[in-house]
Amino acid sequence: MIRRLRTGFTLIELLVVIAIIAVLIALLLPAVQQAREAARRTQCRNNLKQLGLALHNYHDTHGWLPPGSYLTTLPSGDFGGRRQNGFPGMLPFLDQAPLYNEYAARNFRIRPWDNGLTLNQVQIRGLLCPSDSPVTQADAPVGKTNYMFSRGDSIQDNNHWVGNGGRGMRGMFPGLGETALIGKARKLSSIVDGLSNTVAMSERIIAKTGGTRVTDGVTAASIGDTFRNQPILCQLQVGADRNYIGSTIAYSGVRWLDGTPMVSGFTTTVGPNKASCANGNRDYADGVFDPTSQHTGGVNALFGDGSVRFISENIDTGNLSLGSVTTGTSRYGVWGSLGSVDGGEVVGEF
Amino acid sequence: MTSLRFLSLAMLIIPLAGCGQVDSWKANRPATVSAQGIVTYRGSPIEKAMVIFQPKETTGVAASAVTDAKGEFTLRSFPPDSGAIPGSYAVTIIKTDFDDPKYDTMPVNNNDPDYMKEAADPTPVSLIPIRYNDPAQSGLTADIPQEGTTALRFDLVD
């Protein structure tokens with residue numbers, strides 16, 4: 001009898017081993033991807049933390065917080081203003097003193113949308129959240145920002161400034177007229193709801209031109225102004241697939257110095273990762289601009305005390321069938337209460 | 001040998017279980033019931049009308065829906081989950097031409113230096129009487145019973 005020698009593996013054995021390895025890889029890959037996203041989210045939080053430190057250092061130096069936007073009339077007489085946000089003043093506290101000096105030399109009187117101005121083209125790495133996919137907007141090669149200044153739970157006229165209408169000033173970073181630049185700016189002591197209960201900054205996805213989804217960072221445009229009295233209408237602008245039904249505009253975060261609420265502000269109304277809506281189709285429109293992110297389940301938010309917390313997209317948003325208030329308790333639940341600086345709300349655990 | 005195979009299979013499958021977290025906000029929401037209905041105007045169902053249920057109490061939670069091609073809607077208090085909180089509501093219905101293609105051709109990057117100049121943005125036109133947009137004037141109310149309903153009906157007239 002001839003005894004056959006087994007010198008190798010049978011085909012079945014090989015296939016089984018390959019199958020097992022394939023299953024293992026299939027199990028491992030999502031875990032690896034999750035670990036990478038966790039790392040990106042941590043860096044995203046750290047960027048917000050740095051901005052919190054910069055805000056407090058700014059307050060120590062100047063005695064007030066930077067404005068959400070402020071009026072600076074350009075030497076030529078046209079409006080460069082109401083359009084610059086708090087970032088230029090914060091530059092020395094973000095390790096960008098040379099850049100600050102360049103802006104100071106121009107008296108901060110620049111047009112934030114000026115694509116040709118080299119200063120505007122600077123991209124500060126710390127203003128980008130790595131979880132958001134990188135964008136290149138060919139028609140506006142201006143530096144971008146994922147981090148936004150709070151306009152609170154104000155919707156109507158949240159693009160205005162102190163002394164003009166008096167609405168839309170519930171957040172930590174109201175718009176300021178030039179003459180009111182110092183007197184009306186928020187001080188930490190004027191945030192009577194408590195620094196740990198008031199959101200200062202959060203993140204929004206940088207808008208992708210032509211995008212149709214919430215995760216493209218775009219804003220529904222020209223849906224009329226009824227949604228300012230019934231912000232729940234804004235939620236109906238997206239279907240179950242989080243696709244916008246009507247036309248969209250792409251301005252969120254596309255210019256890092258532009259102080260309009262749609263470009264570098266956010267509201268605390270309909271809740272994180274929900275639809276954004278503008279009253280009209282212009283970049284300076286008022287509207288609903290709640291934070292958005294690519295993180296699963298919510299957004300990072302910086303609070304007045306410098307802490308960074310993760311806010312669930314299921315957070316209580318109260319009664320969204322009513323317009324925003326100018327004084328008193330926020331109508332938009334815990335989320336709205338976190339936005340107002342002096343609403344007097346009792347905020348529980350969040 | 002067989003038991004070893006089962007063991008290795010089990011070790012592969014067990015780590016798959018135990019995923020998924022429950023959000024405390026979601027867990028503590030008020031209970032909702034199914035609430036469905038239909039919107040008609042001049043006797044025929046209207047599509048893409050926005051239906052808003054405003055609760056009687058200012059601290060309540062509103063519900064909303066968009067009608068489908070048959071004029072039917074399913075209310076949502078906590079979208080995307082369907083279902084509304086039982087109670088009585090004032091109802092508004094909004095139907096505009098905002099999905100008209102003419103709004104898609106607007107300029108996208110109009111870096112207008114004249115910030116507050118109120119330019120003529122195209123404003124959507126209401127396709128139903130404007131009073132239905134206002135909860136105080138619409139005259140529409142509805143009750144959602146504890147057991148839910150599929151019989152909500154709003155017949156709009158000129």
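Quick note: the coordinates plus some simple rules give every number you see, no bench work behind them. Just so you know, these numbers come straight off a predicted model, no measurement behind them. As a convention, Cβ positions derive from the backbone with ideal geometry for all residues, glycine included, and neighbour counts pool all protein chains shown.
Quick notes on this structure:
- Formal net charge of residues neighbouring B:Lys48 (Cβ-Cβ distance under 15 Å; K, R +1; D, E -1): -4
- Acute angle (nearest 10 degrees) that the helix A:11-62 long axis makes with the longest principal axis of chain A, alpha-carbon atoms: 20
- Listed by chain and number, the lysines whose C-alpha is less than 29 Å from the C-alpha of A:Lys187, apart from same-chain residues fewer than 8 away, are A:Lys49, A:Lys144.
- Surrounding net charge for A:Gly328, when Lys and Arg each add one and Asp and Glu each subtract one, Cβ distance under 13 Å: -2
- Each Cα pair under 8 Å and six or more residues apart adds its separation to the average, and for chain A the resulting relative contact order is 19 percent.
- Annotation: the antiparallel percentage among DSSP beta bridges lying fully within chain A is about 80.
- Calculated from backbone phi, Karplus (6.51, -1.76, 1.60) coupling profile of region A:209-216 in Hz, x at Gly/Pro: 4, x, x, 10, 10, 4, 6, 8
- Residue pairs, from the table B:Lys26/B:Lys48; A:Lys208/A:Lys274; B:Lys48/B:Lys70; A:Lys208/B:Lys26, whose Cα atoms sit over 20 Å apart: B:Lys26/B:Lys48; A:Lys208/B:Lys26
- Where only DSSP H runs of four or more residues are counted, chain A gives -7500 deg cm²/dmol as its mean residue ellipticity at 222 nm, each run worth -39500 (n - 2.57).
- Share of pairwise Cα-Cα distances greater than 13 Å in region A:293-350 is 63 percent (whole percent).
- Computed packing ranks the peptides A:295-302, A:32-39 as A:295-302, A:32-39, most packed first, by mean other Cβ atoms within 10 Å.
- The chymotrypsin sites (Phe, Trp or Tyr not before Pro) of region A:1-66 that meet both conditions, a loop assignment by DSSP and at most 13 other Cβ atoms within 10 Å of the site Cβ, are A:Phe9.
- Normalised Debye scattering of chain A at q = 0.12, 0.13 Å⁻¹ gives log10 I(q)/I(0) of -0.79, -0.93, counting only Cα atoms as equal scatterers and leaving out solvent.
- Most to least packed among B:35-42, A:17-24, B:91-98, A:111-118 [average Cβ atoms within 10 Å]: B:91-98, B:35-42, A:111-118, A:17-24
- Neighbour counting of Cβ atoms within 10 Å sorts the residues B:Thr141, B:Thr74, fewest neighbours leading, into B:Thr141, B:Thr74.
- With a cut-off of 12 Å between beta carbons, the residues surrounding A:Pro130 carry a summed charge of +2, where Lys and Arg count +1 and Asp and Glu -1.
- In order along region B:45-60, the phi-based Karplus estimate (6.51 cos²θ - 1.76 cosθ + 1.60, θ = phi - 60°) of 3J(HN,Hα) comes to x, 10, 9, 6, 8, 9, 10, 10, 9, 9, x, 5, 8, 5, 8, x Hz; Gly and Pro are listed as x.
- Longest to shortest principal axis, alpha-carbon extents of region A:10-131, angstrom: 84, 34, 23
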